[in-house]
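Below: one structure, written as C-alpha coordinates.
The values are calculated or read from the model by the stated rules, or taken from the named source; none is laboratory data. No experiment lies behind these values; they were computed from the predicted model shown. All Cβ positions, glycine included, derive from the backbone under ideal geometry; neighbour counts span all protein chains shown. Note: accessible area is taken over every heavy atom of the protein model, side chains too, but ligands, DNA and RNA are not part of it. Shrake-Rupley method; radii C 1.70, N 1.55, O 1.52, S 1.80 Å.
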Amino acid sequence: MKAVSLVAAPWRIFRFAAAALVQRSAGPASLGVFLLTLVSSPAFACAVCGAGENDPSRGSYVVMSVIISLLPLAMLGGIVGYVVLKTRASEKQPR
Amino acid sequence: MTPADAMLPSTPTRRPVVSSAVLGTLFFVVAEVMFFSGAISAFTIARSGAAPGTWPMPGQPRLPAEATALNTALLLLSGIVLVIAHRLYKKQSPIAHWITLCAWGLGAGFVALQGVEWAGLLASGLTLTSSPLGSFFYLIVGAHAAHAVVALLALGWAWLTMARGTLNPGFFFGSQTFWYFVVLMWPVIYARVYF
(Lines give C-alpha, C1' and ligand atoms only; values in the text may rest on other atoms or scores of the structure.)
Protein backbone atom coordinates (compact mmCIF):
# COMPACT_ATOMS: atom_id res chain seq x y z
CA MET A 1 0.00 0.00 0.00
CA LYS A 2 2.84 2.32 0.97
CA ALA A 3 4.72 1.46 -2.23
CA VAL A 4 1.66 2.38 -4.30
CA SER A 5 1.35 5.82 -2.63
CA LEU A 6 5.12 6.42 -3.03
CA VAL A 7 4.76 5.86 -6.75
CA ALA A 8 1.43 7.68 -7.09
CA ALA A 9 2.55 10.99 -5.51
CA PRO A 10 5.48 11.63 -7.87
CA TRP A 11 3.36 10.45 -10.82
CA ARG A 12 0.64 12.98 -9.97
CA ILE A 13 3.19 15.77 -9.63
CA PHE A 14 4.80 14.70 -12.91
CA ARG A 15 1.41 14.81 -14.69
CA PHE A 16 0.76 18.25 -13.15
CA ALA A 17 4.15 19.56 -14.35
CA ALA A 18 3.75 17.99 -17.79
CA ALA A 19 0.27 19.52 -18.21
CA ALA A 20 1.62 22.92 -17.16
CA LEU A 21 4.46 22.58 -19.66
CA VAL A 22 2.03 21.68 -22.44
CA GLN A 23 -0.10 24.71 -21.57
CA ARG A 24 3.09 26.82 -21.51
CA SER A 25 2.42 28.17 -18.03
CA ALA A 26 5.90 28.69 -16.62
CA GLY A 27 4.93 29.21 -12.96
CA PRO A 28 3.03 25.95 -12.37
CA ALA A 29 5.57 24.05 -14.50
CA SER A 30 8.46 25.34 -12.36
CA LEU A 31 6.50 24.51 -9.20
CA GLY A 32 5.87 20.98 -10.48
CA VAL A 33 9.55 20.39 -11.31
CA PHE A 34 10.54 21.76 -7.89
CA LEU A 35 8.05 19.45 -6.12
CA LEU A 36 9.42 16.50 -8.11
CA THR A 37 12.90 17.19 -6.73
CA LEU A 38 11.44 17.10 -3.20
CA VAL A 39 9.72 13.71 -3.57
CA SER A 40 12.67 12.06 -5.28
CA SER A 41 14.61 9.46 -3.30
CA PRO A 42 18.36 9.80 -2.68
CA ALA A 43 20.51 7.88 -5.15
CA PHE A 44 23.47 6.03 -3.64
CA ALA A 45 26.61 5.05 -5.47
CA CYS A 46 26.00 1.48 -4.40
CA ALA A 47 22.53 0.48 -5.59
CA VAL A 48 21.92 -2.23 -3.01
CA CYS A 49 23.11 -0.53 0.17
CA GLY A 50 22.12 2.62 2.02
CA ALA A 51 25.37 3.11 3.89
CA GLY A 52 25.47 6.78 3.00
CA GLU A 53 21.98 7.42 4.32
CA ASN A 54 23.13 8.25 7.85
CA ASP A 55 26.35 9.98 6.84
CA PRO A 56 26.68 13.12 9.00
CA SER A 57 28.13 15.07 6.08
CA ARG A 58 25.03 14.49 3.94
CA GLY A 59 23.34 17.70 5.12
CA SER A 60 26.51 19.67 4.35
CA TYR A 61 26.59 18.21 0.83
CA VAL A 62 23.03 19.35 0.20
CA VAL A 63 23.50 22.84 1.66
CA MET A 64 26.81 23.47 -0.12
CA SER A 65 25.38 22.14 -3.41
CA VAL A 66 22.51 24.62 -3.18
CA ILE A 67 24.89 27.50 -2.30
CA ILE A 68 27.37 26.70 -5.06
CA SER A 69 24.56 26.30 -7.60
CA LEU A 70 22.91 29.61 -6.78
CA LEU A 71 26.03 31.72 -6.11
CA PRO A 72 27.17 32.23 -9.74
CA LEU A 73 23.64 33.10 -10.81
CA ALA A 74 23.32 35.62 -7.97
CA MET A 75 26.70 37.20 -8.74
CA LEU A 76 26.10 37.48 -12.48
CA GLY A 77 22.61 38.83 -11.76
CA GLY A 78 24.21 41.37 -9.43
CA ILE A 79 26.64 42.52 -12.13
CA VAL A 80 23.83 42.84 -14.69
CA GLY A 81 21.72 44.77 -12.15
CA TYR A 82 24.68 47.07 -11.40
CA VAL A 83 25.20 47.82 -15.10
CA VAL A 84 21.46 48.44 -15.59
CA LEU A 85 21.39 50.86 -12.61
CA LYS A 86 24.47 52.70 -13.89
CA THR A 87 22.93 52.91 -17.38
CA ARG A 88 19.70 54.39 -16.00
CA ALA A 89 21.65 56.86 -13.86
CA SER A 90 23.74 57.82 -16.90
CA GLU A 91 20.61 58.38 -19.04
CA LYS A 92 19.20 60.76 -16.42
CA GLN A 93 22.34 62.91 -16.48
CA PRO A 94 22.46 65.76 -19.04
CA ARG A 95 24.97 65.16 -21.83
CA MET B 1 34.38 72.84 -40.16
CA THR B 2 33.83 72.73 -43.91
CA PRO B 3 30.29 72.80 -45.36
CA ALA B 4 30.78 69.17 -46.40
CA ASP B 5 31.55 68.20 -42.78
CA ALA B 6 28.48 70.06 -41.56
CA MET B 7 26.29 67.91 -43.80
CA LEU B 8 27.59 64.66 -42.27
CA PRO B 9 25.41 63.18 -39.53
CA SER B 10 26.95 63.91 -36.15
CA THR B 11 28.00 60.79 -34.25
CA PRO B 12 26.69 60.80 -30.68
CA THR B 13 29.37 60.81 -28.01
CA ARG B 14 29.39 57.50 -26.12
CA ARG B 15 30.30 57.41 -22.47
CA PRO B 16 30.97 54.04 -20.79
CA VAL B 17 28.50 53.53 -17.94
CA VAL B 18 30.92 51.24 -16.11
CA SER B 19 34.66 51.46 -16.64
CA SER B 20 36.21 48.48 -18.41
CA ALA B 21 38.64 48.00 -15.50
CA VAL B 22 35.80 47.69 -12.97
CA LEU B 23 33.75 45.36 -15.19
CA GLY B 24 36.77 43.18 -15.96
CA THR B 25 37.70 43.02 -12.27
CA LEU B 26 34.11 42.14 -11.36
CA PHE B 27 34.13 39.14 -13.71
CA PHE B 28 37.51 38.07 -12.32
CA VAL B 29 36.11 38.42 -8.80
CA VAL B 30 33.17 36.15 -9.73
CA ALA B 31 35.67 33.44 -10.73
CA GLU B 32 37.64 33.95 -7.52
CA VAL B 33 34.52 33.80 -5.34
CA MET B 34 33.71 30.44 -6.94
CA PHE B 35 37.24 29.24 -6.15
CA PHE B 36 36.81 30.16 -2.48
CA SER B 37 33.29 28.70 -2.43
CA GLY B 38 34.65 25.38 -3.68
CA ALA B 39 37.39 25.36 -1.04
CA ILE B 40 35.00 26.36 1.77
CA SER B 41 32.49 23.76 0.58
CA ALA B 42 35.13 21.01 0.72
CA PHE B 43 36.18 22.25 4.18
CA THR B 44 32.57 22.23 5.47
CA ILE B 45 31.89 18.71 4.20
CA ALA B 46 35.19 17.34 5.55
CA ARG B 47 34.56 18.94 8.92
CA SER B 48 30.99 17.67 9.23
CA GLY B 49 32.16 14.16 8.35
CA ALA B 50 34.97 14.15 10.93
CA ALA B 51 34.58 11.81 13.89
CA PRO B 52 33.80 13.52 17.23
CA GLY B 53 36.95 14.82 18.95
CA THR B 54 39.06 14.75 15.81
CA TRP B 55 38.55 18.34 14.66
CA PRO B 56 41.11 19.67 15.42
CA MET B 57 43.03 16.45 15.80
CA PRO B 58 44.35 15.65 19.29
CA GLY B 59 47.73 17.31 19.84
CA GLN B 60 47.08 19.98 17.23
CA PRO B 61 46.60 23.64 18.21
CA ARG B 62 43.21 25.31 17.83
CA LEU B 63 43.02 28.34 15.57
CA PRO B 64 43.45 31.70 17.37
CA ALA B 65 39.97 33.07 16.62
CA GLU B 66 40.16 35.82 19.27
CA ALA B 67 43.50 37.22 18.08
CA THR B 68 42.30 37.11 14.46
CA ALA B 69 39.34 39.33 15.40
CA LEU B 70 41.81 42.25 15.53
CA ASN B 71 43.08 41.44 12.01
CA THR B 72 39.47 41.24 10.83
CA ALA B 73 38.70 44.66 12.34
CA LEU B 74 41.78 46.15 10.60
CA LEU B 75 40.72 44.74 7.25
CA LEU B 76 37.12 45.93 7.55
CA LEU B 77 38.34 49.38 8.62
CA SER B 78 40.64 49.43 5.60
CA GLY B 79 37.63 48.83 3.31
CA ILE B 80 35.69 51.68 4.95
CA VAL B 81 38.67 54.05 4.68
CA LEU B 82 39.03 53.16 0.98
CA VAL B 83 35.38 54.06 0.38
CA ILE B 84 36.12 57.47 1.95
CA ALA B 85 39.25 57.80 -0.24
CA HIS B 86 37.15 57.02 -3.33
CA ARG B 87 34.67 59.77 -2.47
CA LEU B 88 37.44 62.27 -1.80
CA TYR B 89 39.12 61.35 -5.11
CA LYS B 90 35.86 61.91 -6.98
CA LYS B 91 35.66 65.36 -5.36
CA GLN B 92 39.31 65.96 -6.40
CA SER B 93 40.32 66.48 -2.78
CA PRO B 94 44.07 67.04 -2.26
CA ILE B 95 44.10 64.63 0.71
CA ALA B 96 42.61 61.69 -1.26
CA HIS B 97 46.00 60.04 -1.72
CA TRP B 98 46.78 60.23 2.01
CA ILE B 99 43.49 58.54 2.85
CA THR B 100 44.29 55.89 0.23
CA LEU B 101 47.65 55.38 1.95
CA CYS B 102 45.81 54.93 5.29
CA ALA B 103 43.64 52.20 3.72
CA TRP B 104 46.76 50.58 2.29
CA GLY B 105 48.49 50.72 5.70
CA LEU B 106 45.53 49.05 7.44
CA GLY B 107 45.49 46.33 4.78
CA ALA B 108 49.24 45.82 5.10
CA GLY B 109 48.76 45.56 8.88
CA PHE B 110 46.24 42.76 8.31
CA VAL B 111 48.67 40.81 6.10
CA ALA B 112 51.55 41.36 8.57
CA LEU B 113 49.49 40.13 11.55
CA GLN B 114 48.38 37.12 9.53
CA GLY B 115 52.06 36.37 8.93
CA VAL B 116 52.74 36.54 12.67
CA GLU B 117 49.77 34.21 13.30
CA TRP B 118 51.04 31.72 10.72
CA ALA B 119 54.52 31.72 12.29
CA GLY B 120 52.94 30.90 15.67
CA LEU B 121 50.78 28.12 14.24
CA LEU B 122 53.69 26.57 12.35
CA ALA B 123 55.77 26.66 15.54
CA SER B 124 52.94 24.89 17.43
CA GLY B 125 52.89 22.07 14.89
CA LEU B 126 50.00 22.99 12.58
CA THR B 127 51.45 22.48 9.11
CA LEU B 128 50.06 21.81 5.65
CA THR B 129 50.46 18.05 6.16
CA SER B 130 49.86 17.70 9.92
CA SER B 131 46.05 17.34 9.72
CA PRO B 132 43.07 18.01 7.42
CA LEU B 133 42.46 21.24 9.35
CA GLY B 134 46.03 22.38 8.62
CA SER B 135 45.68 21.56 4.92
CA PHE B 136 42.40 23.44 4.57
CA PHE B 137 43.57 26.32 6.75
CA TYR B 138 46.72 27.02 4.75
CA LEU B 139 44.92 26.51 1.43
CA ILE B 140 41.98 28.83 2.13
CA VAL B 141 43.66 31.46 4.32
CA GLY B 142 46.84 31.31 2.21
CA ALA B 143 44.90 31.88 -1.01
CA HIS B 144 43.16 34.84 0.62
CA ALA B 145 46.50 36.25 1.78
CA ALA B 146 47.89 35.90 -1.78
CA HIS B 147 44.90 37.85 -3.09
CA ALA B 148 45.42 40.48 -0.39
CA VAL B 149 49.09 40.91 -1.38
CA VAL B 150 48.20 41.34 -5.08
CA ALA B 151 45.48 43.86 -4.18
CA LEU B 152 47.93 45.74 -1.93
CA LEU B 153 50.46 45.94 -4.77
CA ALA B 154 47.76 47.37 -7.06
CA LEU B 155 46.55 49.83 -4.41
CA GLY B 156 50.14 50.84 -3.65
CA TRP B 157 50.73 51.61 -7.32
CA ALA B 158 47.45 53.55 -7.43
CA TRP B 159 48.58 55.59 -4.40
CA LEU B 160 51.99 56.30 -5.93
CA THR B 161 50.56 57.49 -9.25
CA MET B 162 47.84 59.46 -7.44
CA ALA B 163 50.51 61.29 -5.42
CA ARG B 164 52.41 62.04 -8.66
CA GLY B 165 49.22 63.21 -10.38
CA THR B 166 49.43 60.59 -13.13
CA LEU B 167 46.76 58.18 -11.85
CA ASN B 168 44.56 56.37 -14.36
CA PRO B 169 41.09 56.49 -12.70
CA GLY B 170 40.11 53.13 -14.26
CA PHE B 171 43.10 51.46 -12.59
CA PHE B 172 42.18 52.98 -9.22
CA PHE B 173 38.55 51.85 -9.45
CA GLY B 174 39.61 48.36 -10.60
CA SER B 175 42.08 48.07 -7.69
CA GLN B 176 39.39 49.22 -5.30
CA THR B 177 36.96 46.60 -6.61
CA PHE B 178 39.54 43.91 -6.02
CA TRP B 179 40.30 45.20 -2.53
CA TYR B 180 36.58 45.22 -1.62
CA PHE B 181 36.48 41.57 -2.71
CA VAL B 182 39.43 40.80 -0.40
CA VAL B 183 37.71 42.68 2.46
CA LEU B 184 34.27 41.11 2.01
CA MET B 185 35.57 37.58 1.43
CA TRP B 186 37.46 37.55 4.72
CA PRO B 187 34.51 37.58 7.22
CA VAL B 188 33.07 34.53 5.42
CA ILE B 189 36.40 32.69 5.71
CA TYR B 190 36.87 33.82 9.31
CA ALA B 191 33.39 32.68 10.39
CA ARG B 192 33.64 29.35 8.57
CA VAL B 193 37.24 28.27 9.21
CA TYR B 194 38.09 29.72 12.64
CA PHE B 195 34.92 28.67 14.54
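What FRET efficiency, computed as 1/(1 + (r/R0)^6) with R0 = 41 Å and r the Cβ-Cβ distance, is obtained for B:Asn168 and B:Thr127, rounded to the nearest 0.05?
Result of the calculation: an efficiency of 0.45.
Working out 0.36 nm times the residue gap between A:Gln23 and A:Val80, then minus their Cα-Cα distance, what length gain in nm do you get to one decimal?
Full extension of this stretch gives 17.4 nm more.
Using helices alone, I'd like the mean residue ellipticity at 222 nm for chain B: each DSSP H run of four-plus residues gives -39500 (n - 2.57), total over residue count, nearest 500.
So the calculated ellipticity at 222 nm is -26500 deg cm²/dmol.
Please state the shape class of the protein assembly as shown: rounded when a/c is under 1.5, otherwise prolate if a/b exceeds b/c and oblate if not, all from the C-alpha gyration tensor.
In terms of gyration-tensor shape, oblate.
If you put +1 on each Lys and Arg Cβ and -1 on each Asp and Glu Cβ, how big is the dipole of the protein assembly as shown around its Cα centre, in Debye rounded to 20?
So the magnitude is around 920 debye.
Buried accessible area between B and A (1.4 Å probe, both chains summed, ligands and nucleic acids excluded), in Å² to the nearest 100?
In total, this chain pair buries about 1700 Å².
If the only charges are +1 at each Lys and Arg Cβ and -1 at each Asp and Glu Cβ, what is the size of the charge dipole of chain B around the Cα centre, to the nearest 20 debye?
Taking the Cα centre of chain B as origin, the dipole is about 340 debye.
Give the ranking of A:Tyr61, A:Tyr82 by solvent-accessible surface, highest area first, calculated with a 1.4 Å probe.
I get A:Tyr61, A:Tyr82, largest accessible area first.
Put +1 on the Cβ of each Lys and Arg and -1 on the Cβ of each Asp and Glu in the protein assembly as shown; which of B:Thr100, B:Leu82, A:Phe16 then has its Cα farthest toward the positive end of the dipole?
Positive-end residue among those listed: A:Phe16.
Taking a probe of 1.4 Å, how large is the accessible area per residue of the protein assembly as shown, in Å²?
61
Using only Cα atoms and rounding to the nearest 10 degrees, what angle (0 to 90) does helix B:65-90 make with the longest principal axis of chain B?
0
Heavy-atom accessible area of B:Ile99 with all protein chains present, probe 1.4 Å, nearest 10 Å²?
Using a 1.4 Å probe on the heavy atoms, I get roughly 40 Å².
Could you give the length gained by full extension between B:Trp55 and B:Phe195, i.e. 0.36 nm per residue of separation minus their alpha carbon distance, to one decimal place?
49.3 nm
Run the quick spin-label model on B:Ile95 and B:Val150: label points 7 Å from Cα toward the beta carbon, then report their separation in nm to one decimal.
So the two model labels end up 3.4 nm from each other.
For chain B, just say rounded, prolate or oblate: build the C-alpha gyration tensor, square-root its eigenvalues into a ≥ b ≥ c, call rounded for a/c under 1.5, and beyond that prolate if a/b exceeds b/c, oblate if not.
prolate
With each pseudo-label sitting 7 Å past Cα toward Cβ, what's the B:Ala42-A:Ile67 distance in nm, one decimal?
Label at B:Ala42, label at A:Ile67, 1.5 nm between them.
How high is the relative contact order of chain B, in percent, counting Cα pairs under 8 Å that sit 6 or more residues apart?
32
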